[in-house]
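Following: one structure in structure tokens, then a few remarks.
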Amino acid sequence: MKKKLLFILVLMVTAAVATVDAKPKAQREMDEFRYEIQCAGNGVQGTYLVRVWTYNKKLKAALEACPRNAVHGVIFKGFVGGDGCVGQRALVREPGAEMEYEDFFNHFFASNGEYRKYISIVPGTEEQMKVDKVYKVGIVVSVQKDELRKALEAAGVIKSLNYGF
């Protein structure tokens, strides 16, 4: 009887942990940051104008992820120049910073997170195509890089530009 009870208890705990840990499939795909970022022209001072291409099995999820991916790209990837554009390095250059400040970035990149303060979508720039079984969606986004840098400095994620002087 004790073995049965212990076995049932172990099954219940395992099921509870699996339920708490499980995320809907669409949310897991949104968490993956599958995108490309490139310069889309010269924005106004203090901004980057970038085209971000996002890949997802669901069109709506890809569309929703584009602005978030644009900010993620400016923070962690940077982008190359070309066609009159100047390439830019990532704002965060420390390897492992995304994991070190995981709590901050989970909150920052949440569905209605703070990242939305630093973007504006350029109207009429959306492009969609289906590649195999995945949607590829591109939009042009203006990212307020100066304000974004200030927020990352205030959070302690990056050092101030005048650090060390």
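Using Cα-Cα distances under 8 Å and only pairs 6 or more residues apart, what relative contact order does the stretch 34-154 have, in percent?
This gives 33 percent for the stretch 34-154.
Say the cut-off is 29 Å between C-alpha atoms; which of 130/150; 77/150; 60/145; 58/159; 117/159; 60/150 go over it?
As for pairs spanning more than 29 Å Cα to Cα, those are 130/150; 58/159; 60/150.
Taking amide hydrogens as modeled 1.01 Å from N in the peptide plane, which residues meet the under 5 Å criterion relative to residue 40, leaving out close sequence neighbours?
For residue 40, the qualifying residues are 49, 50, 51.
Search the structure for amide H atoms under 5 Å from the amide H of residue 158, placed 1.01 Å from N in the peptide plane, and list their residues when 5 or more places away or on another chain.
Answer set, sorted by chain and number: 153.
What trypsin sites (Lys or Arg not before Pro) does the stretch 35-66 have in DSSP loop regions with at most 16 other beta carbons within 10 Å?
For trypsin sites (Lys or Arg not before Pro) across the stretch 35-66 that sit outside H, G, I, E and B with at most 16 neighbouring Cβ atoms in 10 Å, the list reads 57, 58.
Karplus couplings for the stretch 120-135 from phi (6.51 cos²θ - 1.76 cosθ + 1.60, θ = phi - 60°), rounded to Hz, Gly and Pro as x?
Going residue by residue, I get 8, 7, 7, x, x, 10, 6, 10, 9, 7, 10, 10, 6, 10, 10, 7 Hz, with x marking Gly and Pro.
Hey, can you grab everything whose amide H is under 5 Å from the amide H of residue 78? Only 5+ residues off in sequence or another chain; H modelled, so Pro and N-termini drop out.
For residue 78, the qualifying residues are 90, 91.
Rounded, prolate or oblate: pick one for the stretch 34-154, where a ≥ b ≥ c are the square roots of the eigenvalues of its C-alpha gyration tensor, a/c under 1.5 means rounded, and failing that, prolate if a/b is larger than b/c, else oblate.
oblate
Only the coordinates and a few stated rules stand behind these numbers; no lab work does. Bear in mind the structure is a predicted one, so any value in this text is a computation, not a measurement. With ideal geometry, Cβ positions are generated from the backbone for all residues, glycine too; neighbour counts draw on all protein chains shown.
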